[in-house]
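Structure first, commentary second.
The values are calculated or read from the model by the stated rules, or taken from the named source; none is laboratory data. For clarity, every value in this text was computed on a predicted model and none was experimentally measured. Methodologically, a virtual Cβ is constructed for each residue, glycine included, from the backbone with ideal geometry; neighbour enumeration extends over all protein chains shown. We work out accessible area using only protein heavy atoms, side chains counted, and drop any ligands, DNA or RNA first. Shrake-Rupley method; radii C 1.70, N 1.55, O 1.52, S 1.80 Å.
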Amino acid sequence: MATTKLAVGLLAVLFLTVNGASYVQNADEEYNKNFYGQKIGTFVQDVPLADIRGEVFAAADRAIWVQKFRLNVPSDCTSVVFLVGEKGGAAVQPDGGGVPVKDNKNSIELASVDNANFTLNLPIELEDVAWLSVYCRNTNETLASVVFNDVETPTPLELNEVFKGEHRVESERVVIVDHQTVFIQNLQYDGQGPATWFIAGNVLPVTSNGATKLSNQDGVFDYGTLPSYLPARNVTVQFPRDASVFEFDWLSLYCTQIHFNFDDVKLPTP
């Protein structure tokens with residue numbers, strides 16, 4: 001989906017609440033500046049026996065999203081880590097001169113994984129990163145790497161769709177705040193669905209089969225059904241730690257008991 005510039009006349013200032021913290025977003029300057037979900041690249045393998053695959057996306061000013069990551073640690077590697085190199089630094093090309101990055105389990109040492117999705121928090125600013133590598137420290141080998149070319153820090157993206165459906169479902173703006181957070185402005189819903197969730201998925205027509213359950217308005221994932229949003233209220237929806245907007249085609253307000261899609265919005269494809 002292409003980004004959509006904000007129409008003239010929209011409010012310039014939008015108040016968002018994420019994890020209980022409010023902040024002001026200047027829409028004219030900060031929204032849709034950089035396409036949210038820029039794909040940085042895929043891992044290029046340097047050592048065949050390592051069997052490394054995965055895609056890397058820009059997630060925040062100091063974070064990247066790694067998707068469908070596979071690592072088969074070679075038998076001769078006893079210490080494997082993620083390293084990042086800084087632009088203008090001594091390590092121009094991927095090598096052992098980078099800075100170690102902790103993985104999603106807060107560990108520097110990597111183990112064999114298959115089809116893993118996770119956020120990597122960077123020790124430097126995203127726009128200062130030259131490359132990311134998977135490095136074997138005991139053999140001094142770069143097993144695989146991704147080069148960061150013309151990567152920009154993503155900004156919140158306002159979708160060009162809103163919610164509007166049965167049971168008084170209606171909203172104003174729908175905004176991707178970051179790769180795991182969606183803000184829905186002035187959402188209405190009468191709360192009559194017996195087992196209504198926010199879900200995200202890829203299958204069409206929209207269904208809960210194979211979909212991922214998202215948080216409710218309080219950031220809770222283990223809930224039975226969404227409450228009434230009457231009067232309308234701002235709602236912030238969180239994705240699970242191992243999921244991201246990059247993986248899905250749509251977000252829906254969906255009753256899982258009667259299999260009814262109150263309405264959905266399309267998510268941008270990186």
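Could you say whether any residue in segment 226-244 is farther than 20 Å from residue 66 by Cα, within 19 Å of the chain's Cα centre (by Cα) and of a type in the set (Phe, Trp, Tyr)? If you could, list the steps in order and put the result at the bottom.
Within segment 226-244, the subset farther than 20 Å from residue 66 by Cα is 226-237.
This time we only want the ones that are within 19 Å of the chain's Cα centre (by Cα), so: 235-237.
Still in the running and of a type in the set (Phe, Trp, Tyr): none.
No, segment 226-244 contains no residue that is farther than 20 Å from residue 66 by Cα, within 19 Å of the chain's Cα centre (by Cα) and of a type in the set (Phe, Trp, Tyr).
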Exercise. Select from segment 46-72 the residues that are modelled with pLDDT under 90 and open to solvent by less than 70 Å² (accessible area, probe 1.4 Å) and write down the one among them that is nearest to residue 124 (Cα to Cα).
Key: 60
Quiz prompt | Criterion: in contact with a Pro (Cβ under 8 Å, 6 or more places away or on another chain) and either at pLDDT below 90 or among the aliphatic types (A, V, I, L, M) (or both) - qualifying residue of 106, 34, 19, 26 | solution = 34
Quiz item: Within the set of pairs 6+ apart or on separate chains, which have a first residue in segment 108-137 that is closer than 20 Å to residue 246 by Cα and open to solvent by less than 30 Å² (accessible area, probe 1.4 Å), a second that is of a type in the set (Ser, Thr, Tyr) and in a loop (DSSP other than H, G, I, E, B), and C-beta atoms under 6 Å apart?
Solution: 126/153
Quiz item: Say we look at segment 138-173 and pick out the residues that are out of contact with any helix residue (DSSP H, G or I) (no Cβ under 8 Å at 6 or more places or on another chain) and of a type in the set (A, V, I, L, M); which of these is surrounded by the most Cβ atoms within 10 Å (Cβ to Cβ)?
Solution: 157
Quiz item: If you scan segment 97-106, which residues turn out to be open to solvent by 40 Å² or more (accessible area, probe 1.4 Å) and not in a strand (DSSP E or B)?
Solution: 97, 102, 104, 105, 106
Quiz item: Taking segment 245-265 only, how many residues are over 12 Å from residue 205 (Cα atoms) and open to solvent by 40 Å² or more (accessible area, probe 1.4 Å)?
Solution: 3
Practice problem: Within segment 131-165, count every residue that is more than 19 Å from the chain's Cα centre (by Cα), β-branched (Val, Ile, Thr) and within 30 Å of residue 232 (Cα to Cα). | Solution: 1
Quiz item: Among the listed residues 226, 187, which satisfies the condition of being touching a residue at least 12 places away in the same chain (Cβ under 8 Å), closer than 30 Å to residue 153 by Cα, touching a Phe, Trp or Tyr at 6+ places or on another chain (Cβ under 9 Å) and surrounded by 15 or more Cβ atoms within 10 Å (Cβ to Cβ)?
Solution: 187
